[in-house]
2 protein chains.
Amino acid sequence: MTGTVYLVGAGPGDEGLLTLRGLELLESAQVVVYDYLANPRFLKHCREDCEKIYVGKKADNHTMPQEEINALLAQKAREGKRVVRLKGGDPYTFGRGGEEGLHLRAQGVPFEVVPGVTSAIGGLAYGGIPVTHRNLASSFHVIAGHLSKEHPEGEEKRYRTYGELEGTLVFLMGARNIHRIAARLMEAGKSPTTPAAVLYRATTPRQEVVEGTLETIGALAHREEKPGLLVVGEVVRLRKDLDFLSRRP
Amino acid sequence: MTGTVYLVGAGPGDEGLLTLRGLELLESAQVVVYDYLANPRFLKHCREDCEKIYVGKKADNHTMPQEEINALLAQKAREGKRVVRLKGGDPYTFGRGGEEGLHLRAQGVPFEVVPGVTSAIGGLAYGGIPVTHRNLASSFHVIAGHLSKEHPEGEEKRYRTYGELEGTLVFLMGARNIHRIAARLMEAGKSPTTPAAVLYRATTPRQEVVEGTLETIGALAHREEKPGLLVVGEVVRLRKDLDFLSRRP
């Protein structure tokens, strides 16, 4: 009998932000397929005989291509295994969970999705920044921070629209493009004094937050390439009062 | 000694989507302050001597004003209690968690935030809709679906911008304004054939999904006022393959 594949979001990093359903599935999994974005500490929940397969390290050449991951998931399920595909954050928030699901459906392999806390919301919260706030932001906008070299016109048009949005802007995986994203938003009409922050390793013990404005954030951010997210909007100002981590006893 | 207030997101409804940290806090809480959006089943995790205070029922007149909730949280903490403020979804995603946090800070009461899975992402996933998908949506936009009668010009301007966005649009608490939201988006240039869906009670056993297009969704949606969310974008098309709930054995 074909097994089931569970696409599980592990949340932004803090082990406490895994869901109960995610824990239950990890504990009973026969195979776990995980990548660099999922905290390896989660694997301690697995059975001793669980096969743990690592499929990717950030920004190096050892990442397994998505097609191979898709095929691996289907193959393990066809062997009758209960498979957990563990992802950082949420499987459908830039997590390529949709591609995995479509492949499994096409192959006739049953799958389920277990949503997770996304860093775009939960990471911000740990950084003291509420993604919405009454009278400050009645919308938020989560945008892939990768910029395309192939379609600069499309990108310019998109950023013109983003620049008109009044809500909170969150750029995931945007840490290495901060200068360019900030420049595009200012070109699009966002004030250079709009508050902005970059969060690195949000919700983990090594969390770092850099705070500035659209004009200054590029220079303030780390030069090294670290995974991080950029947030732009008035809600960043609330951080001085809502940062609870640095006030923990 | 002053106690601590924990602003905890319970997730969209499914009990399995509570976080491990949320569970731990519920189990040890001396006071839980909860409202209609948080599934009352979560209260089974509480100690027998935990004081459970209900502060609001949707769309009736028995809701405790936000200022009174703020004051209640601070008062209970000042009595030395470990207080959980349990909210549906995520505390900072239109959850007024920021207001509660600011009040507690001003009163010198320690607080922490425990993010939860938002229905804007997790509810969609249970409805078979990935909030992002490679080549279909590289951004998503979560917007309060309440429309203001006071500032129609501001609203028109905002919807003109939303209409230009290429990513997935999610309107929370938008179920009763579907006709008007859809009309505004079409006025702003969105094609009437853009796929759209309304999700009711997402992730619960009584989940319902109504699928159509921007042009048809207003007529297809339920007339009664039910809490629901509206999603607009090409990703809705993936539902036919990614809906896993109705295929569960």
Length released on extending from A:Ala106 to A:Glu67, taking residue separation times 0.36 nm less the Cα-Cα span: 12.7 nm
Shape parameters for the protein assembly as shown, alpha-carbon atoms, Rg then Dmax in Å: 21.6, 62
Pairs beyond 26 Å (Cα-Cα), from A:Lys52/B:Lys44; A:Lys190/B:Lys157; A:Lys44/A:Lys81: A:Lys52/B:Lys44
Per-residue mean of C-beta atoms belonging to partner chains within 10 Å, peptide B:159-172: 4
Proximal aspartates and glutamates to A:Lys76, defined as alpha-carbon separation beneath 18 angstrom and excluding residues fewer than eight positions away on the same chain: A:Glu27, A:Asp35, A:Glu48, A:Asp49, A:Glu51, A:Glu67, A:Glu68, A:Glu99, A:Glu100, A:Glu112
Region B:43-174: equivalent-ellipsoid semi-axes (sqrt of 5 x gyration tensor eigenvalues, Cα, Å): 33, 20, 14
Percent of Cα-Cα distances greater than 15 Å, calculated over region A:142-200: 45
For residues of B:98-110, the mean tally of beta carbons on other chains within 10 Å: 4
Size of the A/B contact, given as accessible area buried on both chains, probe 1.4 Å, in Å²: 5000
Full-extension gain in nm, A:Met186 to A:Arg201, via 0.36 nm per residue minus C-alpha separation: 2.8 nm
Surface/4 estimate of mean projected area, convex hull on alpha-carbon atoms of region B:119-247, nm²: 7.3
Relative compactness, chain A, computed as alpha-carbon Rg over 2.2 N^0.38 Å: 1.08
Whole-number D in µm² s⁻¹ for region B:1-105, Kirkwood Cα-pair radius fed into Stokes-Einstein, 4 °C, 1.567 mPa s: 96
Shielding by partners - mean other protein chain Cβ count within 10 Å, residues of A:82-91: 1
Cα-centred dipole magnitude for chain A, charges only on beta-carbon of K, R (+1) and D, E (-1), debye, nearest 20: 300
Inter-part distance where region B:74-130 and region A:200-232 are each reduced to a Cα centre, Å: 24
Accessible-area value, B:Glu156, 1.4 Å probe, nucleic acids and ligands omitted, Å²: 90
Calculated FRET efficiency for the pair B:Glu153/B:Lys240, C-beta based, R₀ 25 Å, to 0.05: 0.05
Size of charge dipole - the protein assembly as shown - debye, nearest 20, with Cβ of Lys, Arg +1 and Asp, Glu -1, no other charges: 400
Computed label-point distance, nm, for sites A:His179 and B:Thr216 using a 7 Å Cα→Cβ extension: 5.0
Within region A:1-23, backbone nitrogen closer than 19 Å to the virtual label 7 Å beyond the Cα of A:Glu51 toward Cβ: A:1-8
Heavy-atom SASA rank of B:Ser191, A:Ser246 (probe 1.4 Å, accessible area, largest first): A:Ser246, B:Ser191
Fraction of accessible area attributable to carbon and sulfur, region A:150-249 (%, probe 1.4 Å): 50
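The values are calculated or read from the model by the stated rules, or taken from the named source; none is laboratory data. None of the values given here were measured: they were computed from a predicted structure. All Cβ positions, even for glycine, are placed from backbone atoms using ideal geometry, and neighbour counts span all protein chains on display. Ligands, DNA and RNA are excluded from the accessible area calculation, which covers all protein heavy atoms including side chains. Shrake-Rupley method; radii C 1.70, N 1.55, O 1.52, S 1.80 Å.
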